[in-house]
Amino acid sequence: INLSHFAIYDIAGPDAESLLEYLSVARVGGPTPLGKGVYTHFLDESGGIKADLTIVRLAADTFRVICGGDTGHRDLVWIQRMATARGAVITLENQTHRLATLGVWGPKARETLSQLMTSPDALSPQNFHFATAQTFEIAGITVWAFRISYVGEQGFELYFDFDSGLPLWDQLFALGVVPIGVETVSYTHLRAHETRE
C-alpha cells in the first residue's frame, strides 16, 4: 500500500515531551521507551476529537508524529498553536515531502521482507516487537520500519527517502508483492466490520 500521503512531523527539544503529553490522550512520554509507537488522539477544548494519529518516541526529547494526509496540515497548525500558547521550546521538522511510506502487510510480510535483508532475524517477533520502530537496510536501502498494520498484527510501514522508492518497490514487486490502493484497504476494513455485525 502506498502510504506516502502520510504527514510526518519530527518534534524535538526540551518541551517536546510535555507538549505532546498535554496534547495526547494516550501516554506518549514518561516511561514510553525509545522506538515505541502510540496510537492516540488530540482533543479540543470541549473534549471532542481534534486529531487521530500515531506518535513514535525517537529519543528522550524527540518524537515522530504521523498523521493522515487529509488531516496533516490541520494537525500541524494545531501543534504549532498549542506550542505558541504554552511557550513550548521545540523544533518541528516537516518530513512529509522527504519520506515516502509503503505498507507491507499480510501473512507473508515478514517472510517477504526477510528475503531482502542481510540479517533477516532482525524482523523476528523476538527482535522486533509490535508497535515499535527500528532502522534497517532492506534491499540495500536505509529504511525506518514501524511494525504495525491496518489489516491485523502482521505488517510493517516502511519509511525511506523518496528517491529510494522505485528501487525498493521493484524488488518487492519481483517477490510477488501485490500492489493495492489505500481505497482497497478502507473497503476491506468496512466489509470486515459489516461481516462482524
Among the residues of region 60-78, write down those that are open to solvent by 10 Å² or more (accessible area, probe 1.4 Å) and either farther than 11 Å from Gln95 by Cβ or assigned to a helix (DSSP H, G or I) (or both).
-> Ala60, Asp61, Thr62, Gly68, Gly69, Asp70, Thr71, His73, Arg74, Leu76, Val77, Trp78
Can you tell me which residues in region 1-27 are of a type in the set (S, T, N, Q) and either within 14 Å of the chain's Cα centre (by Cα) or within 22 Å of Tyr159 (Cα to Cα) (or both)?
-> Asn2, Ser4
Pairs, please: C-beta under 9 Å, at least 6 apart or cross-chain, first residue closer than 9 Å to Gly155 by Cα and in region 96-120, second open to solvent by 100 Å² or more (accessible area, probe 1.4 Å) and among the charged types (D, E, K, R)?
-> none
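A quick yes/no check of all residues on (1) surrounded by 18 or more Cβ atoms within 10 Å (Cβ to Cβ); (2) assigned to a strand (DSSP E or B); (3) modelled with pLDDT under 95; (4) more than 16 Å from the chain's Cα centre (by Cα):
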{"residue": "Gly29", "(1), (2), (3), (4)": "yes, no, no, yes"}
{"residue": "Leu34", "(1), (2), (3), (4)": "no, no, no, no"}
{"residue": "His41", "(1), (2), (3), (4)": "no, yes, no, no"}
{"residue": "Ala51", "(1), (2), (3), (4)": "yes, yes, yes, no"}
{"residue": "Val56", "(1), (2), (3), (4)": "yes, yes, no, no"}
In region 11-27, which residues are part of a loop (DSSP other than H, G, I, E, B), touching a residue at least 40 places away in the same chain (Cβ under 8 Å) and open to solvent by 50 Å² or more (accessible area, probe 1.4 Å)?
-> Pro14
So which of Phe162, Phe173 is of a type in the set (Phe, Trp, Tyr) and closer than 30 Å to Leu20 by Cβ?
-> Phe162
Counted residues, region 83-95 - those being open to solvent by 80 Å² or more (accessible area, probe 1.4 Å) and either within 18 Å of the chain's Cα centre (by Cα) or within 14 Å of Leu158 (Cα to Cα) (or both) | 1
Do the conditions hold for Ala7, that is, is it out of contact with any helix residue (DSSP H, G or I) (no Cβ under 8 Å at 6 or more places or on another chain) and small (Gly, Ala, Ser)?
-> no
Considering residues that are on the phi > 0 side of the Ramachandran plot and in contact (Cβ under 8 Å) with a residue 40 or more places away in the chain, the number found within region 33-86 is 1
State which residue is farthest from Glu21 (Cα to Cα) when the search covers only region 58-70 and only residues that are more than 15 Å from the chain's Cα centre (by Cα) and hydrophobic (A, V, I, L, M, F, W, C).
-> Ala59
Tell me, which strands (runs of 3 or more DSSP E) wholly within region 107-197 include 3 or more residues that are over 24 Å from Thr54 (Cα atoms) and either open to solvent by less than 70 Å² (accessible area, probe 1.4 Å) or at pLDDT 95 or above (or both)?
-> none
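The values are calculated or read from the model by the stated rules, or taken from the named source; none is laboratory data. In this text, all values refer to a predicted model and were calculated from it rather than measured experimentally. As a convention, Cβ positions derive from the backbone with ideal geometry for all residues, glycine included, and neighbour counts pool all protein chains shown. Remember, those area values only see protein heavy atoms, side chains included, never the ligands or the DNA or RNA. Shrake-Rupley method; radii C 1.70, N 1.55, O 1.52, S 1.80 Å.
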